[in-house]
1. Has segment 75-86 got any residue that is at pLDDT 95 or above, surrounded by fewer than 18 Cβ atoms within 10 Å (Cβ to Cβ) and more than 9 Å from the ligand (Cβ to nearest atom)?
2. Can you go through 151, 133, 129, 111 and tell me which one is within 9 Å of the ligand (Cβ to nearest atom) and surrounded by fewer than 23 Cβ atoms within 10 Å (Cβ to Cβ)?
3. Can you tell me which residue is farthest from the ligand (Cβ to nearest atom) among those in segment 227-248 that are without any contact (Cβ under 8 Å) to a residue 60 or more places away in the chain and closer than 17 Å to residue 142 by Cβ?
4. Would you mention how many residues in segment 87-108 are within 16 Å of the ligand (Cβ to nearest atom) and more than 20 Å from residue 154 (Cα to Cα)?
5. Quick one: is residue 158 buried (at least 18 other Cβ atoms within 10 Å of the Cβ) and in contact with a strand residue (DSSP E or B) (Cβ under 6 Å, 6 or more places away or on another chain)?
6. Only one of 46, 5 is part of a loop (DSSP other than H, G, I, E, B), in contact with a helix residue (DSSP H, G or I) (Cβ under 8 Å, 6 or more places away or on another chain) and at negative phi. Can you tell me which?
7. Restricting to segment 174-206, count the residues that are surrounded by 20 or more Cβ atoms within 10 Å (Cβ to Cβ) and out of contact with any strand residue (DSSP E or B) (no Cβ under 9 Å at 6 or more places or on another chain).
8. Could you run through segment 49-72 and say how many residues are in contact (Cβ under 8 Å) with a residue 12 or more places away in the chain and outside any helix (DSSP H, G or I)?
Ligand SMILES: NC(=O)c1ccc[n+]([C@@H]2O[C@H](COP(=O)([O-])OP(=O)(O)OC[C@H]3O[C@@H](n4cnc5c(N)ncnc54)[C@H](O)[C@@H]3O)[C@@H](O)[C@H]2O)c1
């Protein structure tokens, strides 16, 4: 059935932040379409449709767009949230020095974190509902690491504890910085075409990381703690709804002040 309710697409909607955002927007009356590579349809609830798709398969976006057209006639918002970001709490092997950088990992990050959101935006432009009396919204989920480079000192104590030299690799911050510039570029390009294009730059979200990491991270935050995933939701809501009708080309850091000093 084609849904006529206001529809918001959330990529990576089965992940830590994406899942919270999907349920949040569904509870606020949106029809949500989650696009994710994972096979977890059981997670999907009322008002949430699921499209399982590998967003790095950019050459097949026509197929993806046809699928979305079969689900909604009222697309008003895209949240580009999916990203390749090895988590310190899951696999420290993804953290290595610049000298260890390999081309496959670099290409994977560029494809998912930067190429996919740009080309998905392009592919979806013709099917946004610009007939509605409101602006359509494109929101890119960036990161503090797209605004400032990683402070590698936060990994020191965990490196000592694990005996593995932990260094945040170059791919993530570089692709996120690229997405920040894509946000600004598109805000200008689409400014008179009925769109607001903005970004959110979350700080590190607490998620069962090792205590020594949480302590080291928190010391660098003026507010003295990591973020909670829920603390991103109201900013996403602002950027997805009419409260942001005159906000364009901005990247709102929700980071406890990390990028302030
Ligand atoms: N977690 C943090 O501390 C943090 C901090 C700053 C910014 N962010 C940003 O917030 C966003 C969400 O982060 P998260 O921690 O929820 O990530 P996550 O890793 O928990 O979720 C990412 C989701 O993307 C999906 N995905 C991965 N590859 C895909 C592909 N090829 N095609 C489609 N889907 C794919 C995964 O299945 C997963 O559900 C990301 O853009 C991330 O960079 C996160």
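The values are calculated or read from the model by the stated rules, or taken from the named source; none is laboratory data. Predicted, not measured: the structure shown is a model, and the values here were computed from it. Cβ: placed from backbone, ideal geometry, glycine included. Neighbour counts: every protein chain shown.
1. The answer is no, given that none of the residues of segment 75-86 is at pLDDT 95 or above, surrounded by fewer than 18 Cβ atoms within 10 Å (Cβ to Cβ) and more than 9 Å from the ligand (Cβ to nearest atom).
2. Working: 151 fails: within 9 Å of the ligand (Cβ to nearest atom); 133 fails: within 9 Å of the ligand (Cβ to nearest atom); 129 fails: within 9 Å of the ligand (Cβ to nearest atom).
When all the criteria are applied, what remains is 111.
3. Of the residues in segment 227-248, the ones without any contact (Cβ under 8 Å) to a residue 60 or more places away in the chain are 227-228, 231, 234-235, 238, 243, 246-247.
After this cut, where a residue has to be closer than 17 Å to residue 142 by Cβ as well, the list is 227, 231, 235, 238, 247.
On the way: 227: 7, 231: 11, 235: 12, 238: 17, 247: 20 Å.
Result: 247.
4. Restricting attention to segment 87-108, the residues satisfying the condition of being within 16 Å of the ligand (Cβ to nearest atom) are 87-95, 104-108.
Retained after the next criterion (residues that are more than 20 Å from residue 154 (Cα to Cα)): 104-108.
Of the residues in segment 87-108, 5 are within 16 Å of the ligand (Cβ to nearest atom) and more than 20 Å from residue 154 (Cα to Cα).
5. Working: buried (at least 18 other Cβ atoms within 10 Å of the Cβ): yes; in contact with a strand residue (DSSP E or B) (Cβ under 6 Å, 6 or more places away or on another chain): no.
Against the criterion (buried (at least 18 other Cβ atoms within 10 Å of the Cβ) and in contact with a strand residue (DSSP E or B) (Cβ under 6 Å, 6 or more places away or on another chain)), residue 158 does not qualify.
6. Details: 5 fails: in contact with a helix residue (DSSP H, G or I) (Cβ under 8 Å, 6 or more places away or on another chain).
From the options 46, 5, the qualifying one is 46.
7. Residues in segment 174-206 being surrounded by 20 or more Cβ atoms within 10 Å (Cβ to Cβ) and out of contact with any strand residue (DSSP E or B) (no Cβ under 9 Å at 6 or more places or on another chain): 1 in total.
8. If we filter segment 49-72 for residues that are in contact (Cβ under 8 Å) with a residue 12 or more places away in the chain, which is where we start, we get 49-56, 58, 61-62, 64-65, 67-72.
Adding the requirement that they be outside any helix (DSSP H, G or I) leaves 49-56, 70-72.
Residues flagged as in contact (Cβ under 8 Å) with a residue 12 or more places away in the chain and outside any helix (DSSP H, G or I) within segment 49-72 amount to 11.
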